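S.K.: This is the structure I have questions about; it appears just below.
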Amino acid sequence: MYFQVSAVDRSRPVTFQRSSMTEALDKALALAGSGLTEVTITHPDGARHTPGELLAAYLSAQERPPARIAPRARAA
């Protein structure tokens, strides 16, 4: 499972693969910070996001409380 990080460097497309979302986000932010344009991250399921969109989704997922699992009913 790989995340694909794509960008444009002086009208030349570049692509990198990263094994985790955090590594992909780190690479995408580094590319954008270096002046590359059209930086996107493609999720293994094919969804494409800008670094800002992926960061916002990641942060909102971190803020959600974990789902509670209801205790099982005891057999009589």
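S.K.: Taking only region 25-67 into account, find how many residues are within 23 Å of VAL8 (Cα to Cα) and either of a type in the set (A, V, I, L, M, F, W, C) or outside any loop (DSSP other than H, G, I, E, B) (or both).
M.R.: 25
S.K.: Continuing with the same structure: Would you mention how many residues in region 12-68 are within 17 Å of TYR2 (Cβ to Cβ), basic (Lys, Arg) and loosely packed, with under 15 Cβ neighbours inside 10 Å?
M.R.: Residues flagged as within 17 Å of TYR2 (Cβ to Cβ), basic (Lys, Arg) and loosely packed, with under 15 Cβ neighbours inside 10 Å within region 12-68 amount to 1.
Rule-based calculations on the coordinates, nothing more; no lab input. Note that the structure is a prediction, hence the values are computed from the model and not measured. With ideal geometry, Cβ positions are generated from the backbone for all residues, glycine too; neighbour counts draw on all protein chains shown.
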